[in-house]
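Shown next, in structure tokens, is the structure this report addresses.
The values are calculated or read from the model by the stated rules, or taken from the named source; none is laboratory data. These figures come from a predicted structure and were not determined experimentally. Methodologically, a virtual Cβ is constructed for each residue, glycine included, from the backbone with ideal geometry; neighbour enumeration extends over all protein chains shown.
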């Protein structure tokens, strides 16, 4: 249940949660840059200025890069996201110093020229026609000032997925723990009963059905893009499931009542909580089986008053890095417009090892679309 759903359900209950307060910190500066700026905004502007001089850009569009960088910086400053952007930069910078492979950038963050200029992402948003507004929207992002303190709306904050080498993710987390002592934790997840599991278990318990029959019945419930559909949707769309439910109405009714209940708890695979104050003053805390601190709130609640960093440990990042090292190239040297890449995708027989495309639904879409360039692939 999200905080909004909670307050809507229980009238008269409210929370004095003003929003996210970003922790103050000074990002580690690369020695070779020698920027020596006193405040974080000046530091970010200097990083962008350096990027305009050193990053691969389209020469004919130099002024467009300058104008867009100024616009993005103005919005980032206006909405109070400077420290968040530099926090992400600091993590990427640490990875570079420690030779930890990172991803080239994905999701809405790839639409930010600022992130490209400071080296967080490696896809030129102007070259590929990507929109900054997908990353940060002035009409959606909100902040408020209470007693002179700026708070950001955690549900509407910008979000950068930081992809790192799977085997070195613990090292990155340790860096954050040491930099922000007593202020970091992993994030609780609450796993609910899915419709497939519900109908299967209710059939066995309520009506003493055997395993074979219930495996068949649960298989009627469809998945769309990997997401198991609800009991109601299955009844509407699958005649075989609807017929079975009509004959076993009691099983269906019990399963409906149990829908959405929590099955068990776990730890978010990528989320890291970063609090402004000591962790215990921000949320309840428990220890995982590995003795790591874990928030007592799930992601929806934690993000109301804390920074949530998404640091994903991906084997694909590790594999690509190792492959590039063995053939003597840098991953950023690969021409994303090379027709060979898209011919291979069009001839695709096995998606194994291709990030996200190897998922069954995405693989089928790729087979039908047969992308010929990066724009078609990203769409």
Of (1) within 20 Å of residue 283 (Cα to Cα); (2) in contact (Cβ under 8 Å) with a residue 24 or more places away in the chain; (3) out of contact with any helix residue (DSSP H, G or I) (no Cβ under 6 Å at 6 or more places or on another chain), residue 185 satisfies every one except (3)
Inside the stretch 21-43, the number of residues satisfying the requirement of being farther than 22 Å from residue 309 by Cα, modelled with pLDDT of 75 or more and part of a loop (DSSP other than H, G, I, E, B) is 2
Those residues of the stretch 260-299 which are surrounded by 16 or more Cβ atoms within 10 Å (Cβ to Cβ) and closer than 26 Å to residue 201 by Cβ amount to 267, 268, 298
Exercise. Any residue at all in the stretch 160-181 that is surrounded by fewer than 16 Cβ atoms within 10 Å (Cβ to Cβ), within 30 Å of residue 322 (Cα to Cα), out of contact with any strand residue (DSSP E or B) (no Cβ under 9 Å at 6 or more places or on another chain) and free of Cβ contacts under 8 Å to residues at least 24 places away in the same chain?
Worked result: yes
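Only one of 130, 117, 113 is outside the structural domain of residue 355 (by TED's automatic domain parsing), at pLDDT below 95 and at negative phi. Can you tell me which?
Numbers: 117 fails: at pLDDT below 95; 113 fails: at pLDDT below 95.
Result: 130 is the single residue among 130, 117, 113 that is outside the structural domain of residue 355 (by TED's automatic domain parsing), at pLDDT below 95 and at negative phi.
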If we keep only residues of the stretch 359-371 that are surrounded by 14 or more Cβ atoms within 10 Å (Cβ to Cβ) and more than 24 Å from the chain's Cα centre (by Cα), then the residue farthest from residue 224 (Cα to Cα) is 371
Checked the stretch 335-353 for anything in contact with a helix residue (DSSP H, G or I) (Cβ under 8 Å, 6 or more places away or on another chain) and more than 17 Å from residue 375 (Cβ to Cβ); matches are 348, 351, 353
Selection from the stretch 336-358 of residues surrounded by 15 or more Cβ atoms within 10 Å (Cβ to Cβ) and within 20 Å of residue 317 (Cβ to Cβ) yields 336, 341, 345, 351, 354, 355, 357
Is one or more of the residues making up the stretch 245-257 within 24 Å of the chain's Cα centre (by Cα), over 30 Å from residue 358 (Cβ atoms) and surrounded by fewer than 19 Cβ atoms within 10 Å (Cβ to Cβ)?
no
Residue 241 fails exactly one of (1) under 30 Å from residue 20 (Cα atoms); (2) over 24 Å from the mean Cα position of the chain (by Cα), namely (1)
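Having 1 or more residues that are at pLDDT below 90, touching a helix residue (DSSP H, G or I) at 6+ places or on another chain (Cβ under 9 Å) and not assigned by TED's automatic domain parsing to the domain that holds residue 364 is the bar; report the helices (runs of 4 or more DSSP H) wholly within the stretch 224-309 that clear it.
Working: elements: 231-237, 239-247, 249-258, 299-302.
Answer list for the stretch 224-309: 299-302.
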